Amino acid sequence: MFDFLAKEFSKICPIERNKDLSKVTTFKIGGIAPIYAKPRTRQELIQLLSLCREMNISFVILGAGSNVLINDKIFYVIISTLNLNKFVITKNGLVLSQAGVRLSQLVQESAEKGFSGLEWAIGIPGSVGGAVVMNAGAFHGQISDSLLFVEYWNGEKVIRVKRNELFFEYRSSIFTNTKNCAIISVAFSLKKDFMPLCRERIREKISARVKTQSVGYPSAGSVFKRTKRLPPAFMIEQCNLKGLRVGGAEVSKIHSGYIVNTGNATFTDVLELIDLVRERVFEKYNVYLSLEIILI
Ligand SMILES: Cc1cc2nc3c(=O)[nH]c(=O)nc-3n(C[C@H](O)[C@H](O)[C@H](O)COP(=O)(O)OP(=O)(O)OC[C@H]3O[C@@H](n4cnc5c(N)ncnc54)[C@H](O)[C@@H]3O)c2cc1C
């Protein structure tokens, strides 16, 4: 089955067989993908998606793999967006970006051109597509703030949808946990600003991140969503869970909102640790922590 599919996929774009997904996630956890497709153009991506539809194949889209915990026992056909890495910034601050562009690169280049609006995103190790799915945010900014529209495959065809139809909320959008959708490109509108000021804001954010988030091990960032009451990291710390371990997974001793892979953590180790943390926080605070990371 995968041999036939691989042959059909490779007529469209480069693919890798039996790709170790722990190599393409920031958690360094994940099983083997029998097919890992790397479309280089919008057209190749659309051809792949159409083929999957015709053949009724489920797939997982992966950007920079920085917000996912991938089951190491299940086989997935993966479409990586990382070769879809082109963007343009016009003179009046309109940005058109393919889904696989690294956020940090887009932030740096827009600041260098004297456009403000994305500085908060510096240091988030994700792609533009992944950031839209998650409505990524930091330092009181979020990706939906400057977004104009998204062009995406809705399972049948390519459509273009404006921000107000994408139901952005805290760390979620219509794309979160939706199957068979693929963000192809995203448009943003940025504001003209004094370039040294944009640079300065970036520097501040980098140093704030280094102080609080240099956890020293692979992770997927904050595991749990902010709650209406207290920050998850605070509650976890107050429950004395810093350093708690299951197998190779550990509640970071530096940032208790992170779970880190100390070397050989598995999908199950992380899930068991998540359950323990949730249980203890619930006992003490009567708060159920929801996941920010996506389980695949
Ligand atoms: C050290 C560290 C710090 C972090 N800090 C922050 C932070 O400050 N704020 C924050 O919000 N997040 C943070 N994150 C989490 C993560 O970087 C962001 O959520 C990021 O936006 C995810 O992008 P990605 O490309 O890595 O998505 P992935 O992890 O590749 O994918 C995330 C989800 O989006 C889907 N997806 C990805 N691309 C597409 C696409 N083109 N079309 C359809 N679906 C797609 C995937 O299937 C998956 O369900 C951090 C992570 C780490 C490791």
Next item on the list: Quickly work out the S189-to-D20 label distance, labels modelled 7 Å from Cα along the C-beta direction, and quote it in nm with one decimal.
Entry: 4.7
Note to self: Run lengths n ≥ 4 of DSSP H only: what is the helix-derived mean residue ellipticity at 222 nm for the chain, with -39500 (n - 2.57) per run over all residues, to the nearest 500?
What the structure shows: -9000 deg cm²/dmol
Check: Across the range 14-25, in residue order, what do the Karplus-derived ³J(HN,Hα) couplings come to in whole Hz, using 6.51 cos²θ - 1.76 cosθ + 1.60 with θ = phi - 60° and x for Gly and Pro?
Finding: x, 10, 10, 9, 6, 7, 7, 6, 5, 7, 10, 10
Next item on the list: Figure the gain on full extension for L230 and N56 (residue separation times 0.36 nm, minus the Cα-Cα span) and round it to one decimal in nm.
Entry: 58.3 nm
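Using 0.36 nm per residue, how much length does the chain from D275 to K7 gain when fully extended, once their Cα-Cα distance is taken away?
So the chain would gain 92.4 nm between D275 and K7.
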Check: Based on the mean of other beta carbon atoms within 10 Å per residue, what is the order of 154-165, 104-115, most packed first?
Finding: 104-115, 154-165
Check: Can you list residues whose amide H is under 5 Å from L244's amide H, if they're 5+ apart or on another chain and H is modeled 1.01 Å from N?
Finding: V251
Check: Using r as the Cβ-Cβ distance of Y288 and L96, and R0 as 35 Å, what FRET efficiency do you calculate, to the nearest 0.05?
Finding: 0.30
Item checked: Cross-link pairs K73/K157; K113/K225; K28/K228; K179/K225; K86/K113; K211/K253 - those with Cα-Cα distance over 23 Å -> K73/K157; K113/K225; K28/K228
Next item on the list: State, to one decimal in nm, how far the label point of E237 lies from the label point of E112, with both points 7 Å from Cα in the Cβ direction.
Entry: 3.7
Check: What residue among G100, L82, I206 has its Cα farthest toward the positive end of the dipole of the chain, where the charges are +1 on Lys, Arg and -1 on Asp, Glu, each on the Cβ?
Finding: I206
Check: Within a Cβ distance under 10 Å of L84, other residues only, what is the Lys/Arg minus Asp/Glu net charge?
Finding: +3
Margin query: Under 5 Å between amide hydrogens, which residues at least 5 positions from I184 or on another chain qualify, with H placed 1.01 Å from N in the peptide plane?
Written below: E151, Y152, W153
Item checked: ³J(HN,Hα) computed for each position of the range 113-128 - Karplus, 6.51 cos²θ - 1.76 cosθ + 1.60, integer Hz, glycine/proline x -> 8, x, 10, 10, x, 10, 4, 4, 8, 4, x, 7, x, x, 9, 4
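Since every read-out is calculated from the coordinates, none of them should be taken as a lab result. Computed from a predicted model, the values in this text were never measured in an experiment. As a convention, Cβ positions derive from the backbone with ideal geometry for all residues, glycine included, and neighbour counts pool all protein chains shown.
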